[in-house]
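Q: So that we are looking at the same thing, I have put the structure below in structure tokens.
We did not get these values from a lab; they are worked out from the coordinates using the rules stated. Just so you know, these numbers come straight off a predicted model, no measurement behind them. Cβ placement follows ideal geometry from the backbone for every residue including glycine, while neighbour counts extend to all protein chains displayed.
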Amino acid sequence: MVSWLNRWLYTTNHKDVGMLYFFTSLYFGFVGAILALLMRVQLSVPNNNFLSAVYYNQALTMHGLIMIFWFLSPVALGLANYFVPLQIGADDLAFPRLNAMSYWLYLAGGVLAVLSFFVPGGTANAGWTTYQPLAVLTPGTGPTLAYLGMVLLAASVTLGSVNFLVSIIWLRAPGMTLSKLPMFTWFMLFTIIAMLFAFPTLIAAFVLASSDRILGTVFFTSTGIQPSILWDNLFWFFGHPEVYIVLLPGFGIIANILPSFTGRPLAAKNAILIATGLIVIPLSFGVWMHHMFLTGIPVALQGAFSVATIAISIPFDVITLSFIESLIRGRVKFATPMLFALGAIILFIIGGITGVFLSSPVLDRAFRGSYFVVAHFHYVMVGAAIFGIIAGIYYWLPRMTGKMYNERLGKVHFLISFVGFNILYFPMNLLVDMPRRIFTYQNVSDWATLNGIASVGAFIFAGAQILLAYNLLFTWYRGPIAPANPWGSPDLEWTSQAEGIAPAVESGATPPVGGWIGQLAAAPSPAAEAHGHYAHLSSRPIQISLGAMLFLIGAAFYPDILGLGLLGLGGIVVVYSFYGWARDDLRGRFQIPPEPEGDRWPFSAVPKMKLGMWVFLSSEVVLFGSFLGAYIFIRAASGIWPIAGSIHEVPLGTFNTLVLVTSGLTMFMSLQAIRNGDQRGSISWMAVTFVLGAVFMGVKVSEWTNLGATGFALTSANPGIGLAASAYYIIVGLHGAHVTAGLLMMVYLMKKSASGFYTKDSHEAIENFGLYWAFVDIVWCFVFPLFYLL
Amino acid sequence: MYSGILSSLPSTVATYDFLFNWYLFFGVGAAVVVISLLVFFMYRYRYRGESGPPPVHKTEGWKIVLVTVLISISVLTAAEYQTFASFGNIEMPSQCSAIPDPCVTIRLSAFQWGWNFTYPDGKFAVSTQNQPLTVPAGTIVIMNITSKDVFHSFGIPMLDVKEDAVPGKVNQLWFMASNTGFYTDAIRCFELCGVGHAFMLGNVSVIDAATWQTQFGGVKP
């Protein structure tokens, strides 16, 4: 029997990971709410002294970051972890250990964010949008910890996106065609695609900002290159898709549960899917400059982004009207989940209308930076997203616990939440002249009254959530046994025993009272335990995340001796953990049952791991695209760049390019050899590839040493040199890190090959690594001309 | 806004007010219609204890989609037309390219935590010294806006003008003040710029154009 602690620390089971995400995100939501209440107390009357400016700025910054990144998306991911596999009829996600690691990286990032409050000088205080150069100029270790926490969180989200995308495509049960996919799963698919392409840019942005703070790079302190505009472009390219990343899970929940409470099918289901997947997601990446109307972009460009912004509202009109039409000739039952869903729709309509105002560059001249904007995005991100998620919580609580929540309490929770929300946020629509993020204000016209009302509303709204917490506890400890399908839903998570699809529960488990609900997933399964190992447990995910956390805490405190120590310790733990992961695989210590052949169209011919690698590499394209895009921006804006060829040794760079390209060829030869069943040939060619890769890195280290000796340094007195050095060391270093990771992977693959693991018919890992190595090659073909030749 | 104070609206305010009221009318109208529809359907189709299977529904979704798209495109296109028709508020006035220049240009450098104004004759005023931005009445004023340190946003809410002040870049906005007078705290910073953000205020003094020209105008180009 596995101890309770081991079960939760090492679990890879999707229900367990879902629970971990769920309760951790509720904790962070609580923290974010406390910070919000502190702000509202400070703003409740003019000239207040409850919070000083620096504390207020810290509260507003971390309220924003924590609510958006550590509460809203993770609570949706918690529900998605639990229910997407159930909805598609899968046993688990495609990569269970990766799933656990996504959670632990998320928590590790959260620890950094919380830790940042307790270091001298306090936490980040430049706003959640982290506008530059203020954000890199604010002193102290706290902001650095918070920003590195963001890097870990973004890595967590990116890895999670890969996992979910592969799972939804590849692990659907037989008969679970795309047309039968439940709406929540569809919307999580859309959300995850947006995450996959948005979060790598966030990683790039925060890596650049963190390196300014830690290493002394000068990306955001070089006035000549318009650092504020560089940051704005990076941040909002990520930031506007983020709006939909936050919003869509709630919409997916609404779409999923409406049929259960109207007794009729969702109206225009296909139109909703087309509107969201084919219009909203692509367009969300094309509207980011509407956050930058006032930065001095050309008027014609403002017009273009205004039109793009207005265009994205049309699919939302379709979605909203389809939701409304879904009530026609239905039998509408107002259970608590339905109340929250309907409330979400109403609040989204209000937030959407104010969004149209903000699409106008002319109107934005008044609204930008005011409380009108605050009202708009809270109506969308709290009103639609959080009310939608709460609807999902109540809807699925019977499935997660086997017990019914208190319906009366749920209705009261809704009423007070809805009223409190509107008391809190509606007055802000009228504060169009009041700057946001000011910690105090004089008694200007109506500001005191409106702020006072809003503050009262804040406490009403926050207080209502105590009822949710109480209802969760009530359900757990005293809830009556739930019916097997309390909402009469046709979806698989309720009906898996009622239809011909294999039940999405551990085989051999005894059905509890009320049907296939209520049990937390067993870990490990009895069959696995009989084999002397725990099929669903792995210590590596938490170890890697712990090591990464220690490493980044050390980085934040660098160059203090404590920082150096933690840096080293964290690095050792990460390396050891990856080594352990590899060794677990070599020894077959982590086994999951082979997935039954399911419905995988349109990727039926692509193996699971290969699909995962392609998806991962697409996020890497965005990552390098963001770094190189920033580099191009810097070059275009800078007037004092070193002359081409005056810094780097072009012949040496050319040689290195040839070496790396040749290694791509030898890697292909290795793959060809194993395809022909030639194991020895495959290992030999891979060894050659390894040597070439090592030569590449050796030349690079030598090059860096020489450059350092000649004064090509971040801290150069010559501003052009400092900026060029910053860009070179960070971006080329990132590529070098990828090469190094590839070398380590090759060692693993060669060892595995030597034991005869790969054959003519089974060599998927080598094929997948070939994709990775080809990617590394291709990136260098962009890096080399950009840094050496131009 | 402040339309009660100003007997004749500055041009930026007049344009803004028209556009705002247009959006307000259609925005509130749309919200009222759609939410009313939702509430009506909630009431009309509420469950009243009916037994037996619900009626079979034809797929009608595409009709509502088509109607929604057509109405949305129509209203939003009209809104966008109004926005484009208002771009005079954000483009620099073409008459300022004439010689002699009928407009005045004032340079603004934002800093933590104040505004530094430089007039054509080289005089400057600093908001932290309680020195106002002094502008001539009835004259187009162009502000060339930059920042000495971090990201600020220069706004005069009573005139509905605002532009970001960012380091390394010069942005522009224009306005025309109609009525002479001294306007306390008419200038505010609209981007978080550190602990002094709340106090990054400035006064505006609108004076007679001839007097302004004498005191600040210098030699006209």
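Q: Can you find, within the stretch B:82-99, the residue that is nearest to the other protein chains (Cβ to nearest Cβ) among those that are over 19 Å from residue B:14 (Cα atoms) and in a loop (DSSP other than H, G, I, E, B)?
A: Per the criteria, the residue is B:98.
Q: Provide a single number: the residues in the stretch B:139-188 that are closer than 17 Å to residue B:103 by Cα, out of contact with any helix residue (DSSP H, G or I) (no Cβ under 9 Å at 6 or more places or on another chain) and aliphatic (A, V, I, L, M).
A: Summing the residues that are closer than 17 Å to residue B:103 by Cα, out of contact with any helix residue (DSSP H, G or I) (no Cβ under 9 Å at 6 or more places or on another chain) and aliphatic (A, V, I, L, M) in the stretch B:139-188 gives 3.
Q: Then there's this: Restricting the stretch B:64-81 to residues that are among the hydrophobic types (A, V, I, L, M, F, W, C) and buried (at least 17 other Cβ atoms within 10 Å of the Cβ), which is farthest from the other protein chains (Cβ to nearest Cβ)?
A: Ranking the qualifying residues of the stretch B:64-81, first place goes to B:75.
Q: Tally time: how many residues in the stretch A:349-367 are farther than 17 Å from residue A:435 by Cα and within 7 Å of chain B (Cβ to nearest Cβ)?
A: Residues meeting the conditions: 8.
Q: Quick check on this structure: which one of A:351, A:388, A:383 is without any contact (Cβ under 8 Å) to a residue 40 or more places away in the chain and assigned to a helix (DSSP H, G or I)?
A: Unique residue meeting the criteria: A:351.
So that you can scan it fast, the table gives a plain yes or no per residue for (1) in contact with a helix residue (DSSP H, G or I) (Cβ under 6 Å, 6 or more places away or on another chain); (2) in contact (Cβ under 8 Å) with a residue 40 or more places away in the chain; (3) surrounded by fewer than 21 Cβ atoms within 10 Å (Cβ to Cβ):
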| site | (1), (2), (3) |
| --- | --- |
| A:726 | no, yes, no |
| A:730 | yes, yes, no |
| A:738 | yes, yes, yes |
| A:745 | yes, no, yes |
| A:748 | yes, yes, yes |
| A:751 | no, yes, yes |
| A:789 | no, yes, yes |
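Q: Every residue in the stretch A:424-475 that is within 14 Å of chain B (Cβ to nearest Cβ) and in a helix (DSSP H, G or I), please.
A: Matches in the stretch A:424-475: A:426, A:429, A:447, A:451.
Q: Could you check the stretch A:203-228 and list, in sequence order, the residues that are among the aliphatic types (A, V, I, L, M), in contact with a Gly (Cβ under 8 Å, 6 or more places away or on another chain) and part of a helix (DSSP H, G or I)?
A: A:225
Q: Quick one: would you say residue A:760 is charged (D, E, K, R), surrounded by fewer than 17 Cβ atoms within 10 Å (Cβ to Cβ), in contact (Cβ under 8 Å) with a residue 60 or more places away in the chain and assigned to a helix (DSSP H, G or I)?
A: No.
Q: Let me ask something else about it. Looking at the stretch B:100-205, what strands (runs of 3 or more DSSP E) fall wholly within it and have at least 2 residues that are within 14 Å of chain A (Cβ to nearest Cβ) and of a type in the set (D, E, K, R)?
A: Output list reads B:161-165, B:181-189.
Q: Also, quick follow-up: So residue A:327 clears everything in (1) over 25 Å from residue A:391 (Cβ atoms); (2) assigned to a loop (DSSP other than H, G, I, E, B) except one condition, right? Which one?
A: (1)
Q: As an exercise: evaluate residue A:356 against (1) buried (at least 22 other Cβ atoms within 10 Å of the Cβ); (2) touching a residue at least 40 places away in the same chain (Cβ under 8 Å) and give the number of the one condition it does not meet.
A: Every listed condition holds for residue A:356 apart from (1).
Q: Across the stretch A:677-691, which residue is surrounded by the fewest Cβ atoms within 10 Å (Cβ to Cβ) among those that are in a helix (DSSP H, G or I) and touching a residue at least 60 places away in the same chain (Cβ under 8 Å)?
A: Restricting to residues being in a helix (DSSP H, G or I) and touching a residue at least 60 places away in the same chain (Cβ under 8 Å), the top hit is A:687.
Q: Name the pairs: first residue in the stretch A:439-456 and buried (at least 21 other Cβ atoms within 10 Å of the Cβ), second residue among the β-branched types (Val, Ile, Thr) and in a helix (DSSP H, G or I), Cβ to Cβ under 6 Å, at least 6 apart or on different chains?
A: Close Cβ pairs satisfying both conditions: none exist.
Q: Here's another thing I want to ask about it. How many residues does the stretch A:333-344 hold that are surrounded by 23 or more Cβ atoms within 10 Å (Cβ to Cβ) and at the interface with another protein chain (Cβ under 9 Å from one of its Cβ atoms)?
A: Number of matching residues: 1.
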